[in-house]
1. Here is a list of conditions, (1) part of a loop (DSSP other than H, G, I, E, B); (2) more than 16 Å from ligand 1 (Cβ to nearest atom), and B:ILE127 meets all of them except one; can you say which number that is?
2. Assess whether A:GLU70 counts as being open to solvent by 50 Å² or more (accessible area, probe 1.4 Å) and within 12 Å of chain B (Cβ to nearest Cβ).
3. Determine which single condition A:PRO336 fails, assuming it passes every other condition in (1) open to solvent by 10 Å² or more (accessible area, probe 1.4 Å); (2) closer than 28 Å to A:HIS103 by Cα; (3) outside any loop (DSSP other than H, G, I, E, B).
4. Taking the range A:655-712 as the search range and keeping residues that are of a type in the set (A, V, I, L, M, F, W, C) and part of a loop (DSSP other than H, G, I, E, B), which one is nearest to the other protein chains (Cβ to nearest Cβ)?
5. Please give the number of the condition B:SER61 fails out of (1) away from chain A (no Cβ under 11 Å); (2) touching an Asp or Glu at 6+ places or on another chain (Cβ under 9 Å).
6. Among the numbered criteria (1) surrounded by fewer than 24 Cβ atoms within 10 Å (Cβ to Cβ); (2) assigned to a strand (DSSP E or B); (3) at pLDDT 95 or above, which single criterion is violated by A:ASP609?
7. Given the criterion buried (at least 24 other Cβ atoms within 10 Å of the Cβ), touching a residue at least 60 places away in the same chain (Cβ under 8 Å) and either under 23 Å from the mean Cα position of the chain (by Cα) or more than 14 Å from chain B (Cβ to nearest Cβ) (or both), identify the matching residue among A:ALA287, A:ALA306, A:ALA297.
8. Filter the range B:12-26 down to residues that are surrounded by fewer than 21 Cβ atoms within 10 Å (Cβ to Cβ) and outside any strand (DSSP E or B) and give me whichever is nearest to the other protein chains (Cβ to nearest Cβ).
Amino acid sequence: MGIETITSDELDVESVLGSAVERREDPALITGEAEYTDDIQRPNMAHMAVLRSQYGHARIDGIDTSAAEEMDGVIGVYTADDLDVPGEIPVGWLLDSLRTPVHPLLAGDVARYQGDGIAVVVAEERSIAGDARDAIEVEYERLDAVTDPKEAVEDGAPVVHDDLEDNTAFDWEIGDADETDDAFANAAHTAEVDLTNQRLIPNAMEPRATVAEYKPGTEELEVHLTSQNPHLHRQLMSGVLDVPEHKLHIVAPDVGGGFGSKIHHYPDEALACWCAMETGRPVKWTATRTETYLTDAHGRDHVSHAELAMDEEGTITGMRVKTYAGMGAYLSTFAPAVPTYLYGTLLSGQYDIPAIHCNVVGAFTNGAPVDAYRGAGRPEALYLVERIITLGAREMGMDPAEFRRQNFVPEDDFPHQTPVAVEYDSGNYEPALDKALEAVGYDDLRERQAELREEGRYLGIGLSSYIEACGLAPSELAGQLGAQAGLWESGLVRVHPTGKVTAFCGTSGHGQGHETTYAQIVSDELGIPYDDIEIVEGDTDEIPQGMGTYGSRSAAVGGSALATSSQKVVEKAKKIAAHQLEASEEDIEFSNGEFSVAGAPERSMHIQDVAAQSYLAHDMPEGIEPGLEETSFYDPDNFVFPFGTHIAVVEVDPETGEIEFENYVAVDDVGPQINPKIVEGQVHGGVAQGIGQALYEGAEYDSNGTLVTGSMQDYVVPKAEHIPRMETDSTVTPSPHNPLGVKGVGEAGTIAAPQAVVNAVTDALQPFGIDHIDMPLTNERVWRAVNDAPSAEDGGSEAVADGGERAEDEPSGSDEGGEN
Amino acid sequence: MTEHDIEIAVNGTEHELTVDSRTLLVHALRDELGYTGTNIGCESSTCGACTVHLDGDAVKSCTLLAVQADGSEVGTVEGLADDGSYAPIQEGFQKEHGLQCGYCTPGMMLAANDLLERNPDPDEEEIREAIEGNLCRCTGYQNIVNAVEFAADEMAEVAADGSGEPAGSD
Ligand code: FES
Ligand code: FES
């Protein structure tokens, strides 16, 4: 039944790192004591509601706010004309020749997506604010809309921003086009596929919310916010609101999930702040679920064509990719980085591919802005890689596991430079594949698959050997690529005179268990008991600088900052201990918190006593300041690259299109695990979101730009019965780039799962000649695929009997029915 | 807006309050009475974040008017722990890592307790079915199922010891 947790008093001081200690976050969360943003009340607090465009694209000819203004309890009603702030939401990542249309806090003349803000109301009560919002009258002139990224850049498409007629935000490429063309010209075999990676809606269970309070006496603006990165919010909001950073106090209290959607700076947050300053009242805004559907930055939205070139033996020689990436109506905070540097750079997957070329066109559409959603660019890349690899194996008539093995970057080739700009730090891909194959009983399964087919039952086995890039870094490189912020992390370790510790980190957890894992790191470094260590994050006044939690950066970058600060504390404490023990520093040994003189272990001092001495400061070595606390700004040398193999085993009923899981195995290598239970939990959650994308989820706009999946009734957030029990295991390949050797796990499951499932379903449907179905693989889509399959004309079961006849024009088909 | 004087007992404490006709139970609990442990995820009866017990049964407090709860006993997450000791369901969620952000957790625990009262020894399928109205975006559900199983075992043990009602099972 998975990994067993232990309580903190069962922790052994020597193995605090690597122990599955229960989370210290949980007591507040399971008793209702936790404080989420919407729980916050302030005396005299007012409430804000936002009127949003009901149309996907419309000119706003007039707004009549008079009825709203007259309502009892309404404090103010504001439109774009009333806002006296710089008034533009900034883009946090600038590509060369990126086109950045103005993103106003409220739409003035044109609403460009359904949900675009048009006016705000501030009122005494939440319900009054809602009533008044509904009383505002808007005169719209509807315009044609475009929501598909490929159609958006075609001639004659409706124009989203008047001055950008081709709807193109950027046209970006990576890799060597000529070399890649050569590879295809000389290829013995090729495979190709057209695929979409559908728009997703993040659906954190806690809707976004803001409580803003302005204090005229100190000119300080205090903002409680559903944020994954309060410091980044501070930086961006400072510019938008024209409030200096040191007067902006941002707090992320308990945050009910983010998955990327709470990284970005949204107009609503700035509006709540502006309203607080304007009215002199604390102002709260909380999104309804409808608003989260319409306005939380969506994820993915790619339309791609991918090709693979291989030689006679099935060794990959090249890969070519063309992608249209939907950006929505405006560029959200990190949006330009997602389909470019976070996507194109991972197209080599786990494979040694000599030549890759990728071209991405970013398209404006009449949809909600698209930005990082769990995985951000990497799931799009690995979905494509693992689909085309599976089709390559099929083209070669090879077993998909063996095809992967043959093309893996070999164990002795690390660090490995890919043709798409990144250098993998460390890796060893075969053991993870082998473990996963063994866990599902691969060879037996293939036999059973063949037997079941005889009976007209369709079992499918889907492999996904994924790679992930976490802990985006270093800052210098990020700057060269267009980031408008550094990607270091700060950590402060303060040992109190009592010997207890408070450690502060600039990351900001929202369910990942940082308070637990960070305390494990600091305890291990200092040799101070875990229970004596407290972790603080998520408050810009407590810790002055930071970058936040996204891209699975917290352990690798934040954890390393805390480890580095702890090491500095030990260095200083060592000097004090040496002095007080009357020994030279070189003779002092440090183990489990104890400083002792080499060869004379009875002469020793615990670091907690050194702390007391450091504040007493009666007997300090020369030149050493009193006190015991250290800060570091850790800037990693490189990304870290976790990897693994997931395998989904499904049975598909071609009569109904139903898919049933028989097994799901995840073998992940995230480096050394600080807390294996928390790692397991992250994998479970990530896989669930990946399965959600594979089978259920998808944001759909109609041709007018109306979101037809605008509620939980229309957009499937997977329920308990949708997600199978999964088996997790791991291999451990440390990263050489950080002091802990850790990689990252938050997004691994989401990156790995979609193609494991799609590969499994298409594997099951090989007898019908079905090589690809676009996600989500709803029953209807699967059923339609079977019915429309070339071999279905003769009836599906006959197709099975004759071993899976293939249509001649199937580009990547093989006569043998692929690997089976 | 018509106002109503109502009385509800929350976790055994009597409250008298005046609410609008349209005030939802969840808003009365959170905004009027300060029981903010109950969360709001959708206000449309689909996510289960707002699940509380009404006279012993799990209900979604976002689609119940406060006036409908007049004269009733309401159980919320704040009432689960008894004298500082966790209810089995709370213990289960902590031990089995059944939560990450914790936003769905109060509702999830109350739905699970309702199941355990009706069916003290549910199998995995019954658990998954019983919590189908409670969405969790973080955990992938497996550890939630394990948490409920843990609580069932714990409660069975307590019952076998003959010590009567386990703590906080309301
Ligand atoms: S808030 Fe009540 S069910 Fe979602
Ligand atoms: S723990 Fe986050 S939604 Fe369930």
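The values are calculated or read from the model by the stated rules, or taken from the named source; none is laboratory data. Bear in mind the structure is a predicted one, so any value in this text is a computation, not a measurement. Counting neighbours? That spans all protein chains shown, and the Cβs are built from the backbone with ideal geometry, glycine included. In case anyone asks, the SASA skips ligands and DNA or RNA and just uses the protein heavy atoms, side chains included. Shrake-Rupley method; radii C 1.70, N 1.55, O 1.52, S 1.80 Å.
1. (1)
2. So A:GLU70 fails the test.
3. (1)
4. A:MET712
5. Exception for B:SER61: condition (2).
6. (2) is the only condition that A:ASP609 fails.
7. Testing whether each residue is buried (at least 24 other Cβ atoms within 10 Å of the Cβ), touching a residue at least 60 places away in the same chain (Cβ under 8 Å) and either under 23 Å from the mean Cα position of the chain (by Cα) or more than 14 Å from chain B (Cβ to nearest Cβ) (or both) leaves just A:ALA297.
8. Ranking the candidates gives B:ARG22 first.
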